[in-house]
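Contents: one structure, followed by commentary.
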Amino acid sequence: MNIFDAKASFSRLVAAAEAGETVLIARNGKPVARLGPIDPVSRPVTFGDLGATVTISDDFDTWDEQDERDWYGR
């Protein structure tokens, strides 16, 4: 589809992408862009996504002599 027609029917093209179709958009007959569905795996990460998979140990916020040696090399 050429750019002029794509601009005129953008809402229809987005609906087609939502339905799983991919549309190539061309300038002067040469493909320059692709409009299609978003892979569900590539969705943006949201705060809390890993909440159920991360475990924080009970001694997470303690600091002992071993930590001091490991951190400062003493």
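Suppose the chain between Trp63 and Met1 were pulled fully straight at 0.36 nm per residue; how much longer would it get relative to their current alpha carbon spacing?
Working: separation 62, 0.36 × 62 = 22.32 nm, distance 6.30 nm.
This chain segment gains 16.0 nm when fully extended.
Run lengths n ≥ 4 of DSSP H only: what is the helix-derived mean residue ellipticity at 222 nm for the chain, with -39500 (n - 2.57) per run over all residues, to the nearest 500?
Rounded to the nearest 500, it is -8000 deg cm²/dmol.
Mind listing which chymotrypsin sites (Phe, Trp or Tyr not before Pro) in the chain are in a DSSP loop and have 14 or fewer other Cβ atoms within 10 Å?
On the way: sites: Phe4, Phe10, Phe47, Phe60, Trp63, Trp71, Tyr72; in loops: Phe47, Phe60, Trp63.
Counting only loop positions with at most 14 other Cβ atoms within 10 Å, the chymotrypsin sites (Phe, Trp or Tyr not before Pro) in the chain are Phe47, Phe60, Trp63.
For the chain, what is the accessible area per residue in Å², given a 1.4 Å probe and the full set of protein chains? Let's see the in-between values first.
On the way: 6840 Å² over 74 residues.
Spelled out: the 1.4 Å probe surface of the chain, per residue, equals 92 Å².
Quick one: order Leu24, Leu35 from most to least accessible surface, probe 1.4 Å.
Numbers: Leu24 90, Leu35 45 Å².
The residues order as Leu24, Leu35, largest area first.
Roughly speaking, to the nearest percent, how much of the chain's 1.4 Å accessible area is carbon and sulfur? Could the numbers behind the result be given before it?
Working: 3900 of 6840 Å².
Roughly 57 percent of what the probe reaches on the chain is carbon or sulfur.
Two decimals is fine: what is log10 I(q)/I(0) at q = 0.12, 0.24 Å⁻¹ for the stretch 5-74, from a Debye sum with one equal scatterer on every Cα and no solvent?
-0.59, -1.03
Compute the distance in nm between two label points, each set 7 Å from the Cα along the Cα-to-Cβ direction, one at Ala16 and one at Ala52.
3.8
The values are calculated or read from the model by the stated rules, or taken from the named source; none is laboratory data. Just so you know, these numbers come straight off a predicted model, no measurement behind them. Cβ: placed from backbone, ideal geometry, glycine included. Neighbour counts: every protein chain shown. With ligands, DNA and RNA removed, areas are computed over all heavy atoms of the protein, side chains included. Shrake-Rupley method; radii C 1.70, N 1.55, O 1.52, S 1.80 Å.
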